Amino acid sequence: MGVWVMLMMGLKRVPEIAKELGVYACVSENDVCLWGCVCVCVSFCVQVDEPSKYGVVVMDETTGAVQRFVEKPQQFVGNKINAGIYLLSPKTLDRIELRPTSIEKEIFPKIATEQELFAMVLPGFWMDIGQPRDYNTGLRLYLQSLKQHAPARLASGSSIIGNVLVDESAHIGDGCLIGPDVSIGQGCVIEAGVRLSQCTIMRGVRVKKHACVAGSIIGWHSTIGQWARIENMTVLGEDVHVRDEVFSNGGVVLPHKEIKSSILKPEIVM
């Protein structure tokens, strides 16, 4: 599985900056973004708690020139990490041979030695959301950012607690209590009396009457039965159907399954 990341920053200025600099290629890292034709990164050089988990970019703090890449260093070499997001000059693509190629390991180091790869610090936040729990943490940060910068995009009303994002095509029934930190996707149906908190409800999901979903991720086109309780970082794949009154305590359910009995402890359902 590849790494999924989220970040917050304005992208419109990036091509303008790259054009102004006439730089060649660029990479983006956690507190730094690599200028070369590119990129995006987050946070003003905020120190990463565990840089040893990532690919670290060693750079000249004055000029932004990238000196080298160190993959998961065992000793501290810096806290600027590669977020895996790039905006590249077309010339960069000419360097890639017609074979499986790692841009980070094969292409960027060569450009760096030619002193044509740069890094740039940009405001915002970055987070690796490759794990379910981190995904929900990332959702919380994103919703908090919306509250600060685009509060009109967040839902409001007597049934909403804290930061909640609801697609305009979703339907919310009477007597629901939703939030904090909830995202409800396109075409979802949340029936009457449902309780949702700290969870992601993806496109096309139906949550039936009086069900409760907390701290979990519900995949596309899934169904949560009446009076069901889904909690403790339960993750449902696409097209999973949970029967009425079923309890899931941290279950991870693969796509296209029907859950007829409770999952009492964290486990993978294949």
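Residues that are polar (S, T, N, Q) and over 16 Å from N136 (Cα atoms): does the range 182-203 have at least one?
Yes, there is a match, as at least one residue in the range 182-203 is polar (S, T, N, Q) and over 16 Å from N136 (Cα atoms).
Hey, any hits in the range 106-127 for a residue that's touching a helix residue (DSSP H, G or I) at 6+ places or on another chain (Cβ under 9 Å), more than 21 Å from K80 (Cβ to Cβ) and either at pLDDT 85 or above or not assigned by TED's automatic domain parsing to the domain that holds Q198 (or both)?
no
Among all residue pairs at least 6 apart or on different chains, which show Cβ distances below 6 Å where the first residue, located in the range 40-62, is assigned to a loop (DSSP other than H, G, I, E, B) and surrounded by 12 or more Cβ atoms within 10 Å (Cβ to Cβ) and the second is acidic (D, E) and at pLDDT below 75?
Listed by first residue and then by second, the contacts come to C41/E29; S43/D31; C45/D31; V46/D31.
Out of the range 169-215, which residues are among the small types (G, A, S) and touching a helix residue (DSSP H, G or I) at 6+ places or on another chain (Cβ under 8 Å)?
Answer for the range 169-215, where residues must be among the small types (G, A, S) and touching a helix residue (DSSP H, G or I) at 6+ places or on another chain (Cβ under 8 Å): S183, G215.
Between a first residue in the range 135-147 that is within 15 Å of G179 (Cβ to Cβ) and a second residue that is in a helix (DSSP H, G or I), which pairs have beta carbons less than 7 Å apart while being 6 or more apart in sequence or on different chains?
These pairs meet every condition: L146/R153.
Just one of T234, T223 is of a type in the set (V, I, T) and either surrounded by fewer than 17 Cβ atoms within 10 Å (Cβ to Cβ) or out of contact with any Gly (no Cβ under 7 Å at 6 or more places or on another chain) (or both); which is it?
Being of a type in the set (V, I, T) and either surrounded by fewer than 17 Cβ atoms within 10 Å (Cβ to Cβ) or out of contact with any Gly (no Cβ under 7 Å at 6 or more places or on another chain) (or both) holds for just one of T234, T223, which is T223.
Yes/no per residue for (1) β-branched (V, I, T); (2) more than 23 Å from V207 (Cα to Cα); (3) in contact with a Cys (Cβ under 6 Å, 6 or more places away or on another chain); (4) in the same structural domain as V252 (by TED's automatic domain parsing):
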| site | (1), (2), (3), (4) |
| --- | --- |
| R140 | no, no, no, yes |
| Q144 | no, yes, no, yes |
| H149 | no, yes, no, yes |
| S159 | no, no, yes, yes |
| G162 | no, no, no, yes |
| L165 | no, no, no, yes |
| C176 | no, no, no, yes |
| S183 | no, no, no, yes |
| E191 | no, no, no, yes |
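For the range 242-270, which residues satisfy the criterion of being crowded, with 17+ Cβ neighbours inside 10 Å, not in a loop (DSSP other than H, G, I, E, B) and not β-branched (V, I, T)?
F247, S248
The values are calculated or read from the model by the stated rules, or taken from the named source; none is laboratory data. Worth saying up front: this structure is predicted, and the values here are computed from it rather than measured. Cβ sites come from the backbone with ideal geometry, for glycine too, and all protein chains shown count toward neighbours.
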